[in-house]
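As structure tokens, the structure follows; a few thoughts come after it.
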Amino acid sequence: MSISKDFLWGGAVAANQCEGAYQEDGKGLSIADLRLAGSKDKKRGFTPEIDETLYYPSHKAIDFYHHYKEDIALFAEMGFKMFRLSINWSRIFPNGDETEPNEEGLKFYDDVFDECLKYNIQPMVTISHYESPYGLMKKCNSWESREMIDYFMNYCQVIFERYHTKVKYWLTFNEINLALHSTYSALGMILEKNEDYEKKLFQALHHAFVAGAKAVALAHSIDPNLKVGNMLAAASVYAGTCDPQDNLLVQKMKDQFFFYFNDVMVKGEYTPKCKAILQDKGITLDITKEDEEALRKGTIDFISFSYYQSVTITTHPDDQSEQSVGNIAGGMKNPYLAESKWGWNIDPVGLRILLNEIYTTYRIPLFIVENGYGDVDYIEDGQIHDTDRIDYLRRHIKELKKAIEKDGVDLLGYTTWGCIDLVSAGTGEMSKRYGFIYVDVDDEGKGTFKRMKKDSFNWYKKVIASNGEDLD
Ligand code: BG6
């Protein structure tokens with residue numbers, strides 16, 4: 001099998017990390033608008049109200065809200081077939097619980113989608129990307145409450161009806177499995193770390209699973225051409241030693257972190273594996289008959305995921321002295337892999353392994369909706385030579401090609417993360433850049449906001465034009 005001529009090459013962003021204009025045209029506050037900046041060594045905090053003396057990176061971000069025409073024209077110049085973006089829920093329902101949507105918010109996305117379609121770029125929409133309305137967190141602690149299902153469905157009904165002729169590919173929740181590490185972004189909820197923590201967390205995830213399944217069924221009923229996928233943070237996981245206990249640990253981690261989520265969403269039920277995980281934790285979920293039916297009827301059309309790195313874990317504490325960091329689970333340093341400046345290891349072969357593992361397990365199409373290299377960029381004589389980024393992407397594309405061509409994986413497309421520089425979700429920094437396009441704004445939101453092509457811009461253009469043949 002070779003890469004199909006319909007393979008969807010492109011790039012991805014999230015509203016809260018690029019739009020800015022956080023109060024324009026009727027937009028309400030999202031949970032992202034209360035997050036402060038951090039760094040590699042300093043966690044991002046948040047404030048319960050906006051404090052005008054503090055800096056919130058999402059408020060201006062890269063001002064995509066006012067630059068989208070220029071930015072999409074640049075994506076078109078690179079030959080994008082797909083542009084993944086999220087709808088900022090609080091532009092459509094400012095507080096989250098209104099019955100009528102905000103027309104100005106809807107109009108903005110009409111304009112963005114029309115601009116994409118003008119260049120034959122298909123938009124792919126993430127319905128919820130770490131930016132649920134803050135009003136719902138205040139009202140019911142978001143997904144902790146079952147009420148959230150109705151607010152979400154109201155939002156989905158509006159956006160599916162409005163955009164189904166413009167947007168075919170939809171993703172429900174960005175990296176919902178990262179809720180196991182932070183409930184704030186993934187579930188818009190704050191939970192005290194007491195004895196009920198896990199029970200509440202898994203119940204909240206259940207509410208999101210039901211909502212996601214209902215959204216899939218709704219999308220199909222509004223327009224049978226729509227394709228709805230999930231979106232998980234994914235990584236290959238390795239055993240630090242050949243001790244069988246280490247391999248068991250790997251299996252357990254993958255089950256809990258990845259397969260638990262995919263099983264429910266692909267198979268439409270809590271499989272024996274899921275039930276065993278809950279039983280092991282002593283958790284009994286509140287699942288109604290209606291929930292079960294919704295899960296059964298709303299299985300996803302494809303699996304999408306982000307891939308940045310792999311994780312290595314061991315049961316031997318002595319071997320854990322050198323820790324690795326990353327967007328997933330840390331683990332120990334892998335001596336075979338280099339790391340980025342932010343300590344994320346670089347493991348292209350891990351991507352091939354992962355693609356095989358997921359496809360063999362579920363046999364439905366896959367989509368890599370995030371992959372990329374966060375780095376500091378330097379302007380030299382008016383140019384940016386981002387050779388490490390090109391190298392990272394080239395090596396990952398080589399491996400995904402092998403997964404398709406040699407291993408028979410059904411992969412629909414590849415959208416690189418942060419195709420234009422944007423605010424880092426993990427650290428709130430601008431200096432952790434992923435883009436093919438540089439944006440002149442710094443870690444304090446200062447700059448001209450001018451766009452500039454990096455070397456990777458022309459490189460990716462060539463990759464797309466040759467359908468992945470020319471990677472030099
Ligand atoms: C994923 C998120 O976790 O990784 C994105 O879906 C995020 O929102 C991306 O930006 C890269 O992480 P970071 O922390 O470098 O921005």
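The values are calculated or read from the model by the stated rules, or taken from the named source; none is laboratory data. In this text the structure is predicted, and so the values were computed from the model without any measurement. Please note: Cβ atoms are built from the backbone with ideal geometry, for glycine as well, and neighbour counts cover all protein chains shown. Areas reflect the complete protein model, heavy atoms only, side chains present, ligands, DNA and RNA absent. Shrake-Rupley method; radii C 1.70, N 1.55, O 1.52, S 1.80 Å.
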Tell me whether the range 59-70 contains one or more residues that are in contact with a Leu (Cβ under 7 Å, 6 or more places away or on another chain) and at pLDDT 95 or above. yes
List the number of the failed condition for Lys69; all other conditions in (1) within 19 Å of Ser132 (Cα to Cα); (2) among the basic types (Lys, Arg); (3) surrounded by fewer than 19 Cβ atoms within 10 Å (Cβ to Cβ) hold. (1)
Matching residues in the range 272-294 (among the small types (Gly, Ala, Ser) and either modelled with pLDDT under 95 or outside any helix (DSSP H, G or I) (or both)) number 1
So which of Asp407, Asp377, Asp388 is open to solvent by 40 Å² or more (accessible area, probe 1.4 Å), part of a loop (DSSP other than H, G, I, E, B) and at pLDDT 95 or above? Asp407
With the range 128-236 as the region, which helices (runs of 4 or more DSSP H) entirely inside it contain at least 2 residues that are surrounded by fewer than 20 Cβ atoms within 10 Å (Cβ to Cβ) and away from the ligand (no atom under 16 Å from the Cβ)? 134-140, 147-163, 197-222
Identity of the residue in the range 7-41, without any contact (Cβ under 8 Å) to a residue 40 or more places away in the chain and not aromatic (Phe, Trp, Tyr), that ends up farthest from Asp71 (Cα to Cα): Asp41
What pairs come up if the first residue lies in the range 333-344 and is under 18 Å from Asp388 (Cβ atoms), the second is within 11 Å of the ligand (Cβ to nearest atom), and their beta carbons are under 6 Å apart, counting only those six or more places apart or on different chains? Trp342/Lys40; Trp342/Gly374; Gly343/Val325; Trp344/Tyr308; Trp344/Gln309; Trp344/Gly326
Selected residue [within 16 Å of the ligand (Cβ to nearest atom) and out of contact with any strand residue (DSSP E or B) (no Cβ under 6 Å at 6 or more places or on another chain)] from Tyr336, Tyr373: Tyr373
Report, by residue number, each residue of the range 335-345 that is open to solvent by 20 Å² or more (accessible area, probe 1.4 Å) and either assigned to a strand (DSSP E or B) or touching a Phe, Trp or Tyr at 6+ places or on another chain (Cβ under 7 Å) (or both). Glu339, Trp344
Quick check on Leu412: is it over 22 Å from Val349 (Cβ atoms), modelled with pLDDT of 95 or more and within 22 Å of the chain's Cα centre (by Cα)? no
Residues being among the β-branched types (Val, Ile, Thr), within 21 Å of Glu175 (Cα to Cα) and either in contact (Cβ under 8 Å) with a residue 12 or more places away in the chain or within 16 Å of the ligand (Cβ to nearest atom) (or both): count how many of those fall in the range 264-312. 8
Quick one: count up the residues across the range 410-433 that are within 16 Å of the ligand (Cβ to nearest atom), open to solvent by 20 Å² or more (accessible area, probe 1.4 Å) and closer than 22 Å to Ser236 by Cα. 2
Residue check, Phe259 crowded, with 16+ Cβ neighbours inside 10 Å, touching a residue at least 12 places away in the same chain (Cβ under 8 Å) and closer than 23 Å to Glu147 by Cβ: no
Under 6 Å by Cβ, and 6 or more places apart or on different chains, what pairs join a residue from the range 410-424 that is small (Gly, Ala, Ser) with one that is in a loop (DSSP other than H, G, I, E, B) and within 12 Å of the ligand (Cβ to nearest atom)? Gly418/Gly372; Gly418/Tyr434; Gly418/Gly435; Ser424/Lys432
Go through the range 212-240 and give me each residue that's closer than 30 Å to Gly331 by Cβ and free of Cβ contacts under 8 Å to residues at least 40 places away in the same chain. none
Tell me, yes or no, whether the range 147-154 has at least one residue that is of a type in the set (Asp, Glu) and out of contact with any helix residue (DSSP H, G or I) (no Cβ under 8 Å at 6 or more places or on another chain). yes
